[in-house]
Structure formats: structure tokens, C-alpha cells
Amino acid sequence: LRAYTGTESEKVIGVSQISNKVAFFINTNTLITIHRPSFNFIENTPNNFKNPDEIVLYLFNELLMTYDQPIQDQADKMDELGQNVFLKGGNNLSVEKLYFEKSKARLTKKILLITQSVFDQLRVDDNLSSTLQDLKDTLLHLIFRAQEVVDDATSLLNSHMTFTAQKSNDVMKLLTVFSAFFLPLTFIVGVYGMNFHNMPELNLKYGYFITLVVMIVIAILIYIWFKRKKIL
């Protein structure tokens, strides 16, 4: 089995970054555990158990509890990132951070699923079967919570991508509106900026003012059209 040993700052890409192995060897009267780091729940195990099965169930329960607070921290982090996306538009959201939070939750669930397969093969005395079932229920609850975090992270990633695309569309829309206003005006300026000798309009007394009026009228008509189409 694996006990949770991850830290808040790690960029998690593998199960070894958030957990460490604990090996259990059991016979009729003896229980041996092998593990690299020291675990408080193992070092502080009470000595009032009647048989190895009771000790095993106790240790398995304590091992599962090493995942309880980390999963809650992951859920709280998703809530914080969700507020950033939905209330602040995701302006300060780090996609990399969100990705690694999702990776951490996904790997947590993976470890718990492996643990579940071990629990399904575990056999204890009949008088301890209810305790074992409670452990299985606790494990299922942890798996469900870890899956919720994964789903929330996926939803946030999709929402962030949607908001980013929407912002890009808004920018393109604004540029299109400006182009629609200035394109006909630029065309008029370009025509009369050629300065050919045979351009009668250049000799009109009020040609300049007439051109300005025409350009203003065109701009107003474009504005009205955009308004009717609800583009502005």
C-alpha cells in the first residue's frame, strides 16, 4: 500500500512524488511493516490489540486518513481557482498550476483505486468484518472526493479555455468594427489622395467640406447598421 506524503509545492507527475510504499507482512501472530520514511501512525500504534487482524485494520484506517486532508486541500484549491475563473475572468490563473493540481488529484485517485483492490482481497475474522466494511466505505468516500476534484479541474480548464477564446473573439470583433468604420473612409482618402490633374472634384470650392460631410454620413450609417444588427 501507499501512504500520502505529498507537499503543497510539488509539481506532481508521478505517484512517488505524493506517496510512499508501506509493505505489510502478516501471519497468525505477527505483523511486520517495511517503509522508507517514518510514519507517526505506525510509530504510535497502540499495543492493546488482541491479534494481528485488529492491528492491520487500525493501520489501514490510519493509512487512509493520510489522504483525507490532502484531498480536502485539493478541493479547497479548486474552489479558489474556480473563483478566479468565474468571478475574476481568469486573468491571474496559472494553467500550469491548474494542470498540476489536476494531476495530483488524478494520481491520488489512482493510488486509492489500487488500495481498493487490496482491500477487496483482505480477509479478517468474522467479528471484524463490520470494521473492514467501514474501511471499504471510507475508501469509497475518498475515491469519490478525489474524482470530484478531477472533474472540477477538468471543468475549470475547459471554462478557462472558453473564456480565453471569448476574449480573443471580443478583440477580433472590436478590430472588425474599427475596420468597418475606417475602410470606406480610407478608400475615399486614397482616391482623392492620388492628385491626378484631371480630377474635377479637387477644384470645387467646397470639395473639402463636402468630402468631410460624406465621410461623416458614411460613418453614421455604418454605426446605425451595427446598432440594428446589435453588434454594438
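The values are calculated or read from the model by the stated rules, or taken from the named source; none is laboratory data. Given the structure is predicted, the values throughout are model-derived calculations rather than measurements. Glycine gets a Cβ as well: all are built from the backbone with ideal geometry, and neighbour counts include every protein chain shown.
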Looking only at region 115-141, and only at residues there that are acidic (Asp, Glu) and either out of contact with any helix residue (DSSP H, G or I) (no Cβ under 6 Å at 6 or more places or on another chain) or in a helix (DSSP H, G or I) (or both), the one that is surrounded by the most Cβ atoms within 10 Å (Cβ to Cβ): Asp134
Where Lys230 falls short, out of the listed (1) outside any loop (DSSP other than H, G, I, E, B); (2) within 20 Å of Lys173 (Cβ to Cβ): (1)
Criterion: in contact (Cβ under 8 Å) with a residue 40 or more places away in the chain and out of contact with any Pro (no Cβ under 7 Å at 6 or more places or on another chain) - qualifying residue of Leu59, Leu140, Leu64, Leu113: Leu64
Any hit, region 44-51, residues being over 19 Å from the mean Cα position of the chain (by Cα), closer than 23 Å to Ser129 by Cα and touching a residue at least 40 places away in the same chain (Cβ under 8 Å): yes
Residue match in region 175-186 (condition: assigned to a helix (DSSP H, G or I), among the aliphatic types (A, V, I, L, M) and within 38 Å of the chain's Cα centre (by Cα)): yes
Residue match in region 15-24 (condition: surrounded by 11 or more Cβ atoms within 10 Å (Cβ to Cβ), more than 22 Å from Leu135 (Cβ to Cβ) and in the same structural domain as Arg145 (by TED's automatic domain parsing)): yes
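Take the conditions exposed (fewer than 12 other Cβ atoms within 10 Å of the Cβ), out of contact with any strand residue (DSSP E or B) (no Cβ under 8 Å at 6 or more places or on another chain) and not assigned by TED's automatic domain parsing to the domain that holds Lys21 and apply them to Tyr223. Does it pass? Walk me through how you get there before you give the answer.
Details: exposed (fewer than 12 other Cβ atoms within 10 Å of the Cβ): no; out of contact with any strand residue (DSSP E or B) (no Cβ under 8 Å at 6 or more places or on another chain): yes; not assigned by TED's automatic domain parsing to the domain that holds Lys21: yes.
No; evaluated as a whole, the condition is false for this residue.
Hand me the list of helices (runs of 4 or more DSSP H) wholly inside region 16-109 holding 2 or more residues that are under 29 Å from Glu148 (Cα atoms) and of a type in the set (Val, Ile, Thr). Working first, answer last.
Working: elements: 40-43, 52-65, 68-88.
Counting at least 2 such residues, we get 68-88.
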